[in-house]
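Encoded as structure tokens, the structure appears first; notes follow it.
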Amino acid sequence: MRHVLSALVMNQPGVLAHISGMLASRAFNIDSLAVGATENEEFSRITFVVNGDEKVLDKVRKQLEKLVTVVTVQDYVHSEFVERDLMLIKVSTEGGRRTEIRELVDIFRGRIVDVGEDHVMVEISGREGKIEAFIDRMREFGILEMVRTGRIAMLRNATITQDLPPDVIPEVSDATAS
């Protein structure tokens with residue numbers, strides 16, 4: 001089973017290395033990983049996807065929660081959430097097929113962010129299935145290069161900090177109380 005986990009961590013050097021090293025040393029495989037800033041500059045959020053049963057997930061969560069730099073961990077498996085991937089893909093336009101590519105970019109709600117003599121670069125975001133479908137459609141034109149982010153996710157009707165005591169993150173708690 002696929003689990004999307006989100007960890008709120010202290011924004012300190014080495015946190016990501018510490019977490020990924022801990023998971024690797026316990027033979028947990030991370031399918032996707034993204035790290036970024038939050039609304040509070042003292043914290044970052046790490047979103048990652050792991051595959052496994054409830055037992056595996058429970059081990060992952062317990063190991064993460066033991067780390068001093070981890071504030072909280074949420075599993076989104078039984079929650080309503082929004083998830084997105086981001087991709088840049090460079091596609092060949094040789095053979096005069098630029099118009100076809102542009103039409104597919106529009107259909108997939110992407111956007112062309114760079115145009116070269118014989119290629120275009122497209123930015124597209126969405127659920128994993130959408131990204132995979134777009135890649136499949138671009139293969140016939142010739143994919144020259146592509147790069148993808150890890151998955152990011154956010155709960156629809158709650159915040160990662162809602163169950164934390166106010167002294168853990170006072171600024172966020174005070175802002176949500178008003």
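Starting from the residue with the highest accessible area, list Met138, Met10, Met146 in decreasing order, probe 1.4 Å.
Ranked from most to least accessible, the order is Met146, Met10, Met138.
Per-residue HN-Hα couplings for region 8-15, Karplus 6.51 cos²θ - 1.76 cosθ + 1.60 at θ = phi - 60°, whole Hz, x for Gly and Pro?
The phi angles translate into 8, 10, 5, 7, 9, x, x, 4 Hz.
Taking the Cα centre of region 1-99 as origin, work out the dipole magnitude from +1 charges on Lys and Arg Cβ and -1 charges on Asp and Glu Cβ, in debye rounded to 20.
340
Any idea of Met121's accessible area? Nearest 10 Å², probe 1.4 Å.
Roughly 50 Å² of Met121 is accessible to a 1.4 Å probe.
Can you list residues from other chains, or at least 5 along the same chain, whose modelled amide H is less than 5 Å from the amide H of Met146?
Lys90
Output wanted: per-residue J couplings in Hz (rounded whole) for region 93-107, from phi through Karplus 6.51 cos²θ - 1.76 cosθ + 1.60, θ = phi - 60°, x for Gly and Pro.
Calculated HN-Hα couplings, in order: 10, 4, x, x, 9, 4, 5, 4, 4, 4, 5, 5, 4, 5, 4 Hz.
I'd like the Karplus ³J(HN,Hα) series for region 128-136: coefficients 6.51, -1.76, 1.60, θ = phi - 60°, whole numbers in Hz, and an x wherever there's a Gly or Pro.
Those phi angles translate into 3, x, 5, 4, 4, 5, 5, 4, 4 Hz.
Taking all protein chains together and a probe of 1.4 Å, list Arg98, Arg127 from the most accessible to the least accessible.
Of Arg98, Arg127, the descending order of accessible area is Arg127, Arg98.
Report, ordered by chain and residue number, the lysines lying within cross-link reach of Lys66, taken as a straight Cα distance under 27 Å and ignoring same-chain residues fewer than 8 apart.
Straight-line reach from Lys66, under 27 Å: Lys55.
So who's got an amide H within less than 5 Å of the one on Phe43, skipping anything under 5 residues away but keeping other chains? H placed 1.01 Å off N, in plane.
Asn11, Thr38
The values are calculated or read from the model by the stated rules, or taken from the named source; none is laboratory data. Everything numeric here is computed off the predicted structure, so don't read it as measured data. Backbone-built Cβ (ideal geometry, glycine too); neighbour counts: all protein chains shown. We work out accessible area using only protein heavy atoms, side chains counted, and drop any ligands, DNA or RNA first. Shrake-Rupley method; radii C 1.70, N 1.55, O 1.52, S 1.80 Å.
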